[in-house]
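Written out below as structure tokens is the structure these notes cover.
The values are calculated or read from the model by the stated rules, or taken from the named source; none is laboratory data. Since we're looking at a predicted model, the values are computed, not measured. Reconstructed Cβ throughout: ideal geometry from the backbone, glycine too, with neighbour counts over all protein chains shown. The protein model used for the area step is the full one, side chains on, heavy atoms only, and it has no ligands, DNA or RNA in it. Shrake-Rupley method; radii C 1.70, N 1.55, O 1.52, S 1.80 Å.
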There are 2 protein chains.
Amino acid sequence: MAKDRKQPRPKAETPKGFRDYFGAEVAGRKAMLDQIAEVYHRYGFDALESSAVETVEALGKYLPDVDRPNAGVFAWQEDAEGDKPGDWLALRYDLTAPLARVYAQHRNDLPTPYRRYAMGQVWRNEKPGPGRYRQFYQCDADTVGSASMAADAEICAMLCDTLEAVGIPRGDYIVRVNNRKVLNGVLETMGLDDDEKRAAVLRTIDKFDKVGEAGVRELLGKGRLDVSGAYIDGVGLSDAQAEPVIAFLLAGKVVDRRLIDALASAKDMPKGIQAHIQAARDAGDIYAAKGLGIEAESFAVRNRMMLNHLQEIIGESTVGAEGVDELKQIVNLLDAQDYGSDRIVIDSSVVRGLGYYTGPVFEAELTFEITDEKGRPRQFGSVAGGGRYDDLVKRFTGQEVPATGISIGVDRLLAALHAKGRIEATEAGPVVVTVMDRDRMADYQAMVAELRNAGIRAEVYLGNPKNFGNQLKYADKRNAPVAVIEGGDEKAKGVVQIKDLVLGARIAASATHDEWKSQPAQFEVPRAELVGQVRRILTGEG
Amino acid sequence: MAKDRKQPRPKAETPKGFRDYFGAEVAGRKAMLDQIAEVYHRYGFDALESSAVETVEALGKYLPDVDRPNAGVFAWQEDAEGDKPGDWLALRYDLTAPLARVYAQHRNDLPTPYRRYAMGQVWRNEKPGPGRYRQFYQCDADTVGSASMAADAEICAMLCDTLEAVGIPRGDYIVRVNNRKVLNGVLETMGLDDDEKRAAVLRTIDKFDKVGEAGVRELLGKGRLDVSGAYIDGVGLSDAQAEPVIAFLLAGKVVDRRLIDALASAKDMPKGIQAHIQAARDAGDIYAAKGLGIEAESFAVRNRMMLNHLQEIIGESTVGAEGVDELKQIVNLLDAQDYGSDRIVIDSSVVRGLGYYTGPVFEAELTFEITDEKGRPRQFGSVAGGGRYDDLVKRFTGQEVPATGISIGVDRLLAALHAKGRIEATEAGPVVVTVMDRDRMADYQAMVAELRNAGIRAEVYLGNPKNFGNQLKYADKRNAPVAVIEGGDEKAKGVVQIKDLVLGARIAASATHDEWKSQPAQFEVPRAELVGQVRRILTGEG
């Protein structure tokens, strides 16, 4: 009733960085969420749906870019109550920080350990970009109250099962595991104990994928001219100080080289495999040796070599040794369960941006290539990440509550399956009952009621029925498999016309009509046979 | 890494008016959403998931309490970009206003009519109260681009089907239908053409349920002392002006009285039914005659009588006559489809608070009694509402786009099913494999892996295994049906202990243990039979 006729018309647009999802997109995501929930549930995790809105205080400041105003969240202040200023509220930016709040709030009623899964939207107040939205889905599983590395190992195993359940076959993904404590050990050997500098080193390492070894060296030192032309300040380490960090980052490359050399010098290697080894040597990457036929064993060896190499790098550091030992426990447990190292590998370059991780960190990457919007092939990259965050509940309670978990980026995973053509891009539309005589709407409604009662998706055309061509165009746009027609003549004769639109489209597309002669795309049936004949077409039974 | 050690600990609380949902609550809601989606989809509606965040401009001001600051939404301003002030964004308060935006934005790509369903959270910045939250689910279906009353009739029929699909049997609900145009006709006969006064009358009528006839009279006139002690200003109508509004509001009561009298004077009425009629006469309400055995016919008569009575009330008003005619079309279409008037009735007291309705309005009410938190019986009330809103898309495009739809309040519907005991309050927990020897974690993980691979929900205990009693308490808290035990002795013998916790609880609760002697709650089986024996217990097969 509030009409502001003088106001200009509102713009019909989502806010920048937000979008809508239609039909098959919604159905595809729902199917994936259901598949993931089934695995999580079978692993003993219970559903939790926490509120989308939290106090800013409860969320804490853990987003990668903590320097920015608003710290990356959408926030607002509640109205004041008398003299008391209103609380600051915000949309959750992930499902982990809210879990810590939930566990602290309900810990007396919840079992310990508390295994929970959650799926829902999260919001980030970040600059949107192509394919980068400010609202997206996460699908998390976490175990709160267990310090055991068995909890972390289980999360990694479940992540593999989940990826395979949604349609990523073994070999098309890899779960990378690292440990924050190992990095802390490296920082300890450097004598770096300034918290802010440590955080800055962490953020720098996280940029390794983007800026490479040389870029990381610059950013650990004086700074670097960004591609955008802006100068990014460095952490201010000397070259000598930066060296152990670089060595840690490159540990995987060093081990790869050693492993490839060892494989190359093996005497009894068949010729075909030698070519793979040469390819891996050229690429400086053991993953380039995929298809070796000896993958599992090689990768298992690689994990052992990584653990030894990391042990060397952290030297005498106690926390570093703890980190390496934790990784060893995880690898042992997973090996025992046949989650071979061809699926789960130790990788020291995995950091995970979020500030709350304290021990093991995980990342799942899809290893197949896709074609990007400019037609270039590229690796698909990360679809899930997580780790151990032993201090997040302690913020609230003061008591240590260890926790670990994983978060799957459902929208990215869907994009990957789309890129591989493994998800239906459209869904079957309803049977459309057309309206030949608007006074007999009740007759047409009766037809759709019969079809629906037989479990067949159906609807009557509800637009202006005057132009019959528009009704058929509508059926086409709806992706309808069948249209039903009953004019006055049909009514009088007690029949209906059934139009097989799928067959019709095939005939229209075919060069010669001859082959379809025996199968007319439109035919007349007694009204009483409507449901049976429509079902015959839908099930494809002759 | 950003640690503020000097800061006080954050409170582990949801913001006021928000809550978390656990395990069975989440599962119950998901099951209901799936059931509703199935019906909507079968009726030909396509899924849409629009963004949770909209510009304030796009949402418009349609909430009932438009006078309040913030207009009932959670809103915030985006950061400025240079000189350009940031847009105001808000969380959606329903799924209808966003649909209008979506349709206006994508109308060239969408079919017309566009039938869509949507399910998701909405947020209202209202004062929370008991059972009244600021985040809740809605589950909507709308047809955009159809002016036909067949669209409205279909929505009403689908609403009935949906309620029955989620477990509300016929007779336990009623769909009430009214038309804003009839009310506008009444206002026209009164000569009231001031838009703000019309809106005020509408808001007053909407309070009929709360304040009764006398209260409405006061609020239409000078005003009224609220129960809170505050004085609520009235609309300022004279008694004579208020009379037609009251007559309109009471139309149902008048018709009820006439119908009851007609039934009472019928000669051939069996004795049992006469008692029902007397009860209805005492209550002044035809619904009190439920169980008459002649319900369907009586209510059908009632709808015809209502249409005639409303025709009288609106007098010469054109818009009023249009409204009555629309109601007549809806009733005729529904009657033809056997959606009898025992399920769908004309009720002039239905207003629906939202400001955007322009024609028919609907409301589904559950008619059974529940016991409230204070142990008093009360009617459950409204669980769904909707109507026709022909101007909502026009706000954006300037072109008339008729639309109609329904919104189901899923959380209220769930509460109703809970109150009737028709939803499981707990769900079965996982099989818990206990840890007798922490060095053999890989063995226990292997057991749960076998169980999970057989489709059985299972987990290994991941807490501190030192105290075995705690492990069984955990299994109990998890509602676990079975616990598995394998200590060193069992391992050496190649067996495991299986503990049937459901049977154990039954034995513990039973007065005499004798009857259970033949069925021990804990027994030993060869390790190789673990999965088979656990399945035997879970399926209840001897």
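Looking at A:L462, A:L451, A:L414, can you tell me which residue is modelled with pLDDT of 90 or more and under 29 Å from the mean Cα position of the chain (by Cα)?
A:L414
Among the residues of the range B:491-508, just one is open to solvent by less than 80 Å² (accessible area, probe 1.4 Å) and in contact (Cβ under 8 Å) with a residue 40 or more places away in the chain, namely B:V496.
Scanning the range B:17-33 for residues that are at the interface with chain A (Cβ under 9 Å from one of its Cβ atoms), assigned to a helix (DSSP H, G or I) and open to solvent by 30 Å² or more (accessible area, probe 1.4 Å) turns up B:E25, B:A27, B:K30.
Restricting the search to the range B:147-192, which residues are of a type in the set (G, A, S) and touching a Gly at 6+ places or on another chain (Cβ under 6 Å)?
First, pick out the residues of the range B:147-192 that are of a type in the set (G, A, S): B:147-148, B:150-151, B:153, B:157, B:165, B:167, B:171, B:185, B:191.
B:G185 - this is the single residue of the range B:147-192 that is of a type in the set (G, A, S) and touching a Gly at 6+ places or on another chain (Cβ under 6 Å).
Here is a yes/no grid of residues against (1) assigned to a loop (DSSP other than H, G, I, E, B); (2) open to solvent by less than 20 Å² (accessible area, probe 1.4 Å); (3) of a type outside the set (D, E, K, R):
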| site | (1), (2), (3) |
| --- | --- |
| A:Q105 | no, no, yes |
| A:T112 | yes, no, yes |
| A:Y117 | no, no, yes |
| A:Y137 | no, no, yes |
| A:I174 | no, yes, yes |
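Which one of these is free of Cβ contacts under 8 Å to residues at least 60 places away in the same chain and outside the structural domain of A:S238 (by TED's automatic domain parsing): A:E196, A:E164? It would help to see each step written out before you state the result.
Working: A:E196 fails: outside the structural domain of A:S238 (by TED's automatic domain parsing).
The conditions single out A:E164.
Within the range A:325-342, can you find the residues that are part of a loop (DSSP other than H, G, I, E, B) and open to solvent by less than 10 Å² (accessible area, probe 1.4 Å)? Across the range A:325-342, the qualifying residue is only A:S341.
Looking at A:W76, A:W88 in this structure, which one is at pLDDT 90 or above, over 23 Å from the mean Cα position of the chain (by Cα) and either open to solvent by 70 Å² or more (accessible area, probe 1.4 Å) or more than 9 Å from every other protein chain (Cβ to nearest Cβ) (or both)? I'd like the intermediate steps shown before the answer.
Numbers: A:W76 fails: either open to solvent by 70 Å² or more (accessible area, probe 1.4 Å) or more than 9 Å from every other protein chain (Cβ to nearest Cβ) (or both).
Just a single option satisfies the conditions, and that option is A:W88.
Annotation: A:Q379 fulfils all but one of (1) free of Cβ contacts under 8 Å to residues at least 60 places away in the same chain; (2) away from chain B (no Cβ under 14 Å); (3) open to solvent by 40 Å² or more (accessible area, probe 1.4 Å); (4) under 24 Å from A:A27 (Cα atoms); the unmet one is (4). Among residues of the range A:453-478 being of a type outside the set (S, T, N, Q), surrounded by fewer than 22 Cβ atoms within 10 Å (Cβ to Cβ) and in a loop (DSSP other than H, G, I, E, B), the one that is farthest from the other protein chains (Cβ to nearest Cβ) is A:K466.
Here is a yes/no grid of residues against (1) part of a strand (DSSP E or B); (2) crowded, with 20+ Cβ neighbours inside 10 Å; (3) at pLDDT 95 or above:
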site: B:D94; (1), (2), (3): no, no, no
site: B:A100; (1), (2), (3): no, yes, yes
site: B:V122; (1), (2), (3): yes, yes, yes
site: B:E126; (1), (2), (3): no, no, no
site: B:A150; (1), (2), (3): no, yes, yes
site: B:A157; (1), (2), (3): no, yes, yes
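Look at (1) within 26 Å of the chain's Cα centre (by Cα); (2) at the interface with another protein chain (Cβ under 10 Å from one of its Cβ atoms) and you find that B:R107 fails only one, number (1). Taking the numbered list (1) part of a helix (DSSP H, G or I); (2) modelled with pLDDT under 85; (3) small (G, A, S); (4) open to solvent by 50 Å² or more (accessible area, probe 1.4 Å) in turn, A:A240 passes all entries but (2). Yes or no: the range B:282-301 includes at least one residue that is open to solvent by 70 Å² or more (accessible area, probe 1.4 Å), at pLDDT 85 or above and not hydrophobic (A, V, I, L, M, F, W, C). No, that holds for no residue. Taken together, A:E450, A:E400 contain a single residue that is part of a loop (DSSP other than H, G, I, E, B) and surrounded by fewer than 23 Cβ atoms within 10 Å (Cβ to Cβ), which is A:E400. Scan the range A:503-516 and tell me whether some residue there is touching a helix residue (DSSP H, G or I) at 6+ places or on another chain (Cβ under 9 Å), β-branched (V, I, T) and more than 24 Å from A:E25 (Cα to Cα). Scanning the range A:503-516, I find at least one residue that is touching a helix residue (DSSP H, G or I) at 6+ places or on another chain (Cβ under 9 Å), β-branched (V, I, T) and more than 24 Å from A:E25 (Cα to Cα), so the answer is yes.
Screening B:L202 with (1) outside any helix (DSSP H, G or I); (2) of a type outside the set (S, T, N, Q); (3) under 18 Å from B:G355 (Cα atoms); (4) open to solvent by less than 20 Å² (accessible area, probe 1.4 Å) gives one miss only, at (1).
Taken as a whole, the range A:421-437 holds no residue that is within 9 Å of chain B (Cβ to nearest Cβ) and in a helix (DSSP H, G or I). Within the range B:343-355, if we keep just the residues that are part of a loop (DSSP other than H, G, I, E, B), of a type outside the set (K, R) and surrounded by fewer than 24 Cβ atoms within 10 Å (Cβ to Cβ), the residue that is nearest to the other protein chains (Cβ to nearest Cβ) turns out to be B:G355. Please tell me if B:N179 is under 30 Å from B:K222 (Cα atoms), touching a helix residue (DSSP H, G or I) at 6+ places or on another chain (Cβ under 7 Å) and within 12 Å of chain A (Cβ to nearest Cβ). Spelling it out, it is not the case that B:N179 is under 30 Å from B:K222 (Cα atoms), touching a helix residue (DSSP H, G or I) at 6+ places or on another chain (Cβ under 7 Å) and within 12 Å of chain A (Cβ to nearest Cβ).
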